[in-house]
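Below is one structure, written out as structure tokens, with a few remarks after it.
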Amino acid sequence: MRIISILIGAGSLFAQAPEIAFDSAPNLLKMPDRMYMGEAAGVATNSKGHIYVYTRTGDAYATTGTSRTFSHGGSRLFEFDQTGKYVGEIGQNSYGFLVAQSVRVDPQDNIWIVDKLSSLVVKFAPDGRVLMPMGRKPEAIFVGARGGVPGAGRGAVPAGAAGAAPGGGRGRGEGGPAPLPGAGAPGDLFNGPSDVAWDAQGNIFISDGFGNARIAKFDKNGKYLKSWGSRGSEPGQFNNPRSLATDAQGNIYVADKGNNRIQVFDNDGTFKTEIAGVGAPTAICISPGSHPYLYASNSNEVNSLDHGEIYKMELDGKVLGQFGRAGHLIKEFGAVNQIDCRRANELYVGELMNWRVQKITLH
Amino acid sequence: MKKSQRICLAVLALLSMPNFFGQTLTRAQERAKAKAQNVPEIPYESAPNFLKLPTGVYFGEVVGVATNSKGHVFVYTRSYDTRLLEFDQAGKFVKEIGEGVYGFAFAHAVRVDSQDNIWAVDEGTNMIVKFSPEGKVLMVLGHRPESGEVPVTPGFGVAPPAAEPYTFNRQTDVAFDPQGNIFVSDGYGNSRVVKYDKNGRYITSAGSRGSEPGQLNLPHTLTADAKGNIYVGDRSNSRIQVFDNDLKLKTVYDQVGAPWAVCITPGPHQYLYSSNSNPDNNNSEIMAVTGEVYKMELDGTILGKFGKPGKQLGEFSTIHEMDCRSENEIYTAEINRWGVQKIVLHPKK
């Protein structure tokens with residue numbers, strides 16, 4: 001059954017890689033009483049090994065104003081120490097924690113969250129202060145015929161709605177040629193962003209991947225530099241760019257999930273190569289150190305238990321092995337949405353289905 | 001290159017309106033850029049980490065800032081819910097005002113009157129709430145529609161329902177003249193300025209949607225001078241319209257871009273500040289030609305400008321309201337920074 005599912009799996013046809021032995025510590029994170037982890041959409045560790053989880057704990061809810069409908073809540077950011085002890089919450093009751101998508105920690109231990117429904121990327125200092133918001137949450141949401149209620153629509157935005165923030169103020173400006181589908185507007189107005197990464201200079205890369213289909217580059221101060229990509233399947237085009245990572249040379253690896261490939265770009269967005277044969281990459285990460293590895297999860301969809309394996313690769317795409325499969329048990333994965341690989345053989349995986357983070361040790 | 005081609009290129013170059021640096025502006029940039037030319041820059045600095053938030057309290061989009069007679073700073077923010085927070089003059093957190101009050105849904109502006117009362121303008125409830133310095137509700141203007149009776153903001157080109165004396169449609173700001181009369185810019189739905197007496201009784205209103213003199217297209221901010229003249233930031237028309245105390249149009253200033261926020265300093269020599277804010281959707285094309293604040297005489301003479309868009313200290317990320325505490329001390333509320341800056345100007349003497 002397992003072999004069949006791999007064989008028929010999109011893009012997995014040639015990827016019967018050796019199995020890597022591994023262990024899992026599934027009950028690593030201790031939640032305080034009467035607090036619950038929800039879907040563990042985002043997980044990341046800092047330099048001390050503290051673990052951050054950006055989790056979907058409820059539906060975002062809507063309140064009616066006089067003429068518009070406002071959205072609130074739905075996601076929380078928790079911090080744990082390296083032993084899994086609960087440390088605290090960051091950003092509680094802040095603006096735009098609607099549907100968690102990703103959390104990453106930069107080399108200075110700042111914590112960055114990516115929210116797919118509020119379309120915000122927010123940089124927090126290690127002490128929890130807001131250092132820099134990027135993007136803008138739509139002022140109001142449309143309930144009824146013009147869109148879905150928050151939490152129900154899963155951030156889906158119709159093709160061609162690029163850069164259109166409902167109620168978000170002025171349009172994208174006129175005078176230039178119409179942008180390609182998914183190309184978005186120049187600047188940091190996101191449409192369902194999916195992930196964030198940095199190069200050695202601190203430049204910021206954001207995969208704007210649910211509503212748009214582009215990668216946007218900013219300098220370390222948040223100044224917009226450029227973006228690339230549009231919706232499609234050609235090299236340099238994307239179909240739900242779901243996750244991204246950088247290597248030490250500043251190359252950008254984009255998990256182009258809908259096209260069953262990882263695309264590799266240089267620091268300016270010039271297409272270099274693509275890596276196929278590892279399923280539909282949903283979450284990727286690159287380990288640090290002199291010999292970095294690329295990990296990619298061929299996550300199962302939430303309505304199936306097919307696939308779910310994670311691949312370990314050289315940066316050139318050579319598959320070294322794979323481990324795990326979809327499921328609810330320990331050492332199985334339920335729709336992995338993010339992987340942290342700050343240490344090469346010690347991975348943290350955040351799962352949507354099983355409401356948990358597993359600490360994976362590879363042997 | 002043939003001569004005819006050269007002429008052709010020269011004509012093209014003229015048509016494309018090169019700016020000061022010789023770069024060509026797009027049509028959208030031409031529209032957004034302030035018309036004023038060669039305005040001197042005013043040196044300035046921003047106080048770092050001015051406001052100290054208690055642990056677990058976060059600003060969201062900061063849309064309103066105002067100071068009282070003691071220098072306390074009031075911040076009106078769209079956080080998880082809309083909140084009004086008070087800090088002392090050193091930036092230390094003092095208290096929260098109006099937590100959970102019926103008039104808070106989507107913050108837009110806050111102003112402090114000469115008696116230190118705090119006025120919160122909320123465009124999500126169509127209400128203006130007057131709080132005493134202690135935080136007690138003293139008066140409310142407007143009425144929040146009952147649940148289930150939610151009107152719809154008309155689309156562009158669709159006339160809004162007729163404006164009612166005591167009902168707002170996404171009003172934006174409030175101002176006071178020396179007699180305590182109350183002026184409201186109203187707003188996103190309506191296109192008018194309304195005058196009430198100090199007890200909230202309707203006196204008159206002016207304006208309809210359009211671009212003719214006296215008409216308004218998103219009156220987003222307003223302020224009064226010591227003579228009781230009313231300065232209205234007519235944002236989408238990119239002009240400040242000045243009305244007398246009876247709301248008769250006096251003059252128009254259209255050289256300083258789109259006035260997102262205006263304020264007038266106190267004292268014997270008053271100055272008018274106006275922000276041509278960079279767009280709240282962070283569009284980099286428009287951002288390149290906006291984001292500066294102008295200092296003017298009340299007669300519209302431009303004295304200088306300061307600021308540029310960005311998220312670093314001293315840069316502006318969509319100023320939404322300003323408090324002119326004095327000629328050289330300006331507080332900015334910024335949507336895309338999620339914070340307040342205290343700006344100190346150092347104009348050359």
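When Lys and Arg each count +1 and Asp and Glu each count -1, what net charge do the other residues less than 13 Å away from residue B:330, Cβ to Cβ, add up to?
-3
Give the residue from B:145, B:331, B:28 lying farthest towards the positive end of the charge dipole for chain B; charges sit on Cβ (+1 for Lys and Arg, -1 for Asp and Glu) and the dipole is referred to the Cα centre.
The one lying farthest along the dipole's positive direction is B:28.
Mind checking how much accessible area B and A bury in total, 1.4 Å probe, in Å² rounded to 100?
Approximately 3700 Å², summed over both chains.
Compute the Cα gyration tensor for region B:205-349, then decide on rounded, prolate or oblate, letting a ≥ b ≥ c be the square roots of its eigenvalues: rounded whenever a/c is under 1.5, prolate when a/b is larger than b/c in the other cases, and oblate in all that remain.
oblate
Name the shape class, rounded, prolate or oblate, that the alpha-carbon gyration tensor gives for chain A, where a ≥ b ≥ c are the square roots of its eigenvalues, rounded holds for a/c under 1.5, and otherwise prolate holds if a/b is larger than b/c and oblate otherwise.
Taking the square roots of the gyration eigenvalues as a ≥ b ≥ c, chain A is rounded.
I need the fraction of alpha carbon pairs in chain B separated by more than 26 Å, rounded to a whole percent.
For chain B, the fraction of Cα-Cα distances above 26 Å is 48 percent.
Along region B:30-40, what does the Karplus equation 6.51 cos²θ - 1.76 cosθ + 1.60 (θ = phi - 60°) give for ³J(HN,Hα), rounded to whole Hz, x for Gly and Pro?
Running phi through 6.51 cos²θ - 1.76 cosθ + 1.60 with θ = phi - 60° gives 4, 5, 7, 6, 5, 6, 4, 10, 6, 7, x Hz.
For chain A, what does the helix formula give at 222 nm: sum of -39500 (n - 2.57) over DSSP H segments with n ≥ 4, over the residue count, nearest 500 deg cm²/dmol?
It lands at -500 deg cm²/dmol.
Tell me which lysines have Cα within less than 23 Å of residue A:318's Cα, excluding those fewer than 8 residues away on the same chain?
Candidates past the 8-residue exclusion: A:257, A:272.
If amide hydrogens are placed 1.01 Å from N in the peptide plane, which non-local residues have theirs closer than 5 Å to the one on residue B:304?
For residue B:304, the qualifying residues are B:295.
Inside 10 Å of the C-beta atoms of B:119-125, what's the mean count of C-beta atoms belonging to other chains?
For peptide B:119-125, the averaged partner shielding equals 3.
What's the local net charge at residue A:355, with K and R +1, D and E -1, over the other residues with C-beta under 11 Å away?
Value of the local net charge: 0.
Classify region B:206-266: rounded, prolate or oblate, from the alpha-carbon gyration tensor (a ≥ b ≥ c, eigenvalue square roots; a/c under 1.5 rounded; otherwise prolate if a/b is larger than b/c)?
Oblate, since a/c reaches 1.5 and b/c is not below a/b.
Which whole-number value in Å² is the accessible area per residue of the protein assembly as shown, probe 1.4 Å?
40 Å²
Give me the orientation-averaged projected area of the Cα convex hull of the protein assembly as shown, in nm², one decimal.
34.2 nm²
Which percent of the accessible heavy-atom area of chain A goes to carbon and sulfur, probe 1.4 angstrom?
Within chain A, the accessible surface is 54 percent carbon and sulfur.
Mean residue ellipticity at 222 nm from the helices of chain B, using -39,500 (n - 2.57) per DSSP H segment of n ≥ 4 over the full residue count, to the nearest 500 deg cm²/dmol?
The per-residue figure over chain B is -1500 deg cm²/dmol.
Springs between alpha-carbon pairs under 10 angstrom, Gaussian network model over chain B: which of B:70, B:195, B:308 fluctuates most?
Result for chain B, Cα springs under 10 Å: B:70 fluctuates most.
What is the local net charge at residue B:270, summed over the other residues whose Cβ is closer than 12 Å to its Cβ (Lys, Arg +1; Asp, Glu -1)?
-2
Using the Karplus curve 6.51 cos²θ - 1.76 cosθ + 1.60 with θ = phi - 60°, what ³J(HN,Hα) values do you get for each residue of region A:62-78, in whole Hz, with x for Gly and Pro?
3J(HN,Hα) across region A:62-78, in whole Hz: 10, 10, 8, x, 5, 9, 9, 10, 10, 10, 9, x, x, 9, 9, 10, 10.
Given the whole protein assembly as supplied and a 1.4 Å probe, what does the accessible area of residue A:35 come to in Å², nearest 10?
Answer for residue A:35: close to 40 Å² accessible.
Check cross-link reach from residue B:195 to the lysines: straight Cα distance under 21 Å, and skip same-chain residues fewer than eight apart.
By straight Cα distance, residue B:195 reaches B:130, B:227, B:248, B:250.
Suppose we compare each residue of region B:52-72 in its chain alone and in the full protein complex with a 1.4 Å probe; which ones drop by at least 20 Å² of accessible area?
B:56, B:58, B:61
Does a label point 7 Å from the Cα of residue B:35, set along Cα-to-beta-carbon, have any residues of region B:212-254 with amide nitrogen under 12 Å, and which are they?
Hits in region B:212-254 for residue B:35 at 12 Å: B:238-240, B:252-254.
May I ask for the distance between the Cα centers of region A:258-290 and region B:306-349, given as a whole number of Å?
Centre-to-centre distance over Cα atoms comes out at 42 Å.
Check which residues have an amide H placed less than 5 Å from residue A:261's amide H, if you skip close sequence neighbours.
Long-range HN contacts for residue A:261: A:256.
Amide H of residue B:261: which non-local residues (sequence gap of 5 or more, or other chain) have their own amide H closer than 5 Å, using H built in the peptide plane?
Long-range HN contacts for residue B:261: B:275, B:277.
Which three semi-axes in whole Å describe the equivalent ellipsoid of region B:29-147, each the square root of 5 times a Cα gyration tensor eigenvalue, listed largest first?
Rounded to whole Å, the semi-axes are 27, 20, 15.
Please report how far the C-alpha centroid of region A:322-340 lies from that of region A:75-147, rounded to the nearest whole angstrom.
When both Cα centres are located, 24 Å separates them.
Measure off, as a whole percent, the carbon and sulfur share of the 1.4 Å-probe accessible area of region B:176-301, all protein chains present.
After summing per-atom areas, the C and S share lands at 45 percent.
Say a paramagnetic label sat at a point 7 Å from the Cα of residue A:109, along Cα to Cβ; which residues of region A:262-303 have their backbone N under 20 Å from it?
The answer is A:288-289.
Once both axes come from the Cα atoms, what is the angle between helix B:3-15 and the longest principal axis of chain B, in degrees from 0 to 90, rounded to 10?
Helix B:3-15 and the main axis of chain B meet at about 10 degrees.
For the protein assembly as shown, give the magnitude of the charge dipole about the Cα centre (Cβ charges: +1 Lys/Arg, -1 Asp/Glu; no others), in debye to the nearest 20.
For the protein assembly as shown, the charge dipole is close to 900 debye.
The values are calculated or read from the model by the stated rules, or taken from the named source; none is laboratory data. Predicted model, so just to flag it, every value in this text is computed and none were measured. Positions of Cβ are generated from backbone atoms using ideal geometry, with glycine treated the same way; all protein chains shown enter the neighbour counts. With ligands, DNA and RNA removed, areas are computed over all heavy atoms of the protein, side chains included. Shrake-Rupley method; radii C 1.70, N 1.55, O 1.52, S 1.80 Å.
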